[in-house]
Amino acid sequence: MNAPLFKTPVERDLSIIIVSFNTCDVLLDCLESVQAKTQGISYEVIVVDNASGDGSADAVLQRFPHVRLLRNDVNRGFSSANNQGIRVSTGRWLALLNPDTCLIENSFQKILAYLQVHFEFSILGPGIIDESGKQSPTRLWEDSPQDAAWKILGLYNPDNELQRMGDMKAKEASVISGCCFVIGREIFEEIGLLDENYFLYNEEDDFCRRARQYGKRICFFPETSIQHLLGKSTHQPEHREKVIWETYKSNLYFYSKYYSCGWNFILRSLYKLTFLAGLIRSALRHLTGSATHSAEDSLRLKLKLLFSL
């Protein structure tokens, strides 16, 4: 007999799980917004700290002693750390929330009120706005192999997604943004946790595909929006090389899981061409003295990416 997935029974309406890595300032702002804006429901907040070196964990304990804090000795990645929080959660619904987000209204009460009426949906994602308050493009459909090819070549324009999203009203979607991901507890019991082969990126697309294979329905709910400060977690200069490397590994794993052998060959070949071109450009910048110290000009990283194929 399999061990139960959750360690404790349902005790409240919502568990908000936030995975953090060196995002102290934005994490505290996120927690402040959750505390100030979330009313009318019973909830808990679980922060999983992935071995941050910026004092994030201690700051959370000092400012928000009611928050449940899980400390990791190493950076376990997004999926694995979220799964830690999921296992100890006690909410009927779980919200996987990025640390670089901010509530601007009582979004979770609105979301749960909608889900109580529209019980046909098991997963929900709110609207996403940027720092200026403008609607952010959110892909509501499955990523195709052609989309992946354009992204590898740098020719994919996410701004086109805004028009493709259609009317800003509640509707069924194939996938939603992972920066605020509300999921019914029973879904995890039925299909399992997040796939921990993804260290960073693609995990929400993967989970949505798996859920839909089990007949679950997904809702895009722009009747309320979450503010997302894009890139605060993934564009830290000292960790940029690892982010690029893990993104590449995550993409290859996703392609092998959901695309045909033929498309896998094409996408890997495109990667190899772009890595080779990037290596040549970086080498020329190093020769001319115009190279930067960023990951984008790292010859070591470019060689690692090229020969890993």
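The values are calculated or read from the model by the stated rules, or taken from the named source; none is laboratory data. Just so you know, these numbers come straight off a predicted model, no measurement behind them. Using ideal geometry, Cβ is built from the backbone for each residue, glycine included, and neighbour counts are taken over all protein chains shown. With ligands, DNA and RNA removed, areas are computed over all heavy atoms of the protein, side chains included. Shrake-Rupley method; radii C 1.70, N 1.55, O 1.52, S 1.80 Å.
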How large is ³J(HN,Hα) for each residue in segment 242-248, as worked out from phi by the Karplus curve 6.51 cos²θ - 1.76 cosθ + 1.60 (θ = phi - 60°), to whole Hz, x for Gly and Pro? 5, 4, 4, 5, 5, 4, 4
First check a/c for segment 1-75, with a ≥ b ≥ c the square roots of the eigenvalues of its C-alpha gyration tensor; if it is under 1.5, answer rounded, and if not, answer prolate when a/b is larger than b/c or oblate otherwise. oblate
Taking the 0 to 90 degree range and rounding to the nearest ten, how far is the long axis of helix 78-88 tilted relative to the main principal axis of the chain, both from C-alpha atoms? 20
Does anyone have the angle between helix 203-213 and the longest principal axis of the chain? Alpha-carbon axes, 0 to 90°, nearest 10? 60
Principal-axis tilt of helix 299-308 within the chain, Cα atoms, nearest 10 degrees: 80
Evaluate E = 1/(1 + (r/R0)^6) for PHE307 and ASN157, where r is the Cβ-Cβ distance and R0 equals 30 Å; express this FRET efficiency to the nearest 0.05. 0.50
Could you give the nm distance between label points at LYS169 and GLN39, where each point is 7 Å from its Cα heading toward the beta carbon? 3.0
Rounded to a whole %, the carbon-and-sulfur portion of the accessible area of segment 1-158 at a 1.4 Å probe is 50
Only sites in a loop by DSSP and with at most 15 other Cβ atoms within 10 Å count here; which GluC sites (Glu not before Pro) in segment 8-53 make the cut? GLU11
Using a Förster distance of 30 Å, how high is the FRET efficiency between GLU105 and HIS66, based on the Cβ-Cβ distance and rounded to 0.05? 0.90
How big, in percent, is the set of alpha carbon pairs in segment 92-225 lying more than 20 Å apart? 46
Set LYS216/LYS257; LYS171/LYS257; LYS134/LYS272; LYS134/LYS171 screened for pairs whose C-alpha atoms are more than 30 Å apart: LYS134/LYS272
How many percent of the accessible area of segment 166-309 is carbon or sulfur, using a 1.4 Å probe? 57
With every protein chain left in place and a probe of 1.4 Å, what is the accessible surface of LYS169, to the nearest 10 Å²? 110
How high is the FRET efficiency from ARG87 to ASP147, r the C-beta distance, R0 45 Å, rounded to 0.05? 0.85
What shape does the chain take by its C-alpha gyration tensor, where a ≥ b ≥ c are the square roots of the eigenvalues and a/c under 1.5 counts as rounded, a/b above b/c as prolate, and the rest as oblate? prolate
Added length on full extension, which subtracts the Cα-Cα distance from 0.36 nm per residue, ILE280 to GLU189: 27.9 nm
For segment 1-125, state the average projected area of the convex hull of the C-alpha atoms over all orientations, rounded to one decimal in nm². 8.4
Highest mean packing first, using Cβ neighbours within 10 angstrom, the peptides 55-62, 88-95, 106-113 sort as 88-95, 106-113, 55-62
Accessible area of the chain divided out per residue, in Å², using a probe of 1.4 angstrom: 48
For SER290 and VAL117, calculate 0.36 nm times their separation in residues minus their Cα-Cα distance, and state this gained length in nm to one decimal. 56.4 nm
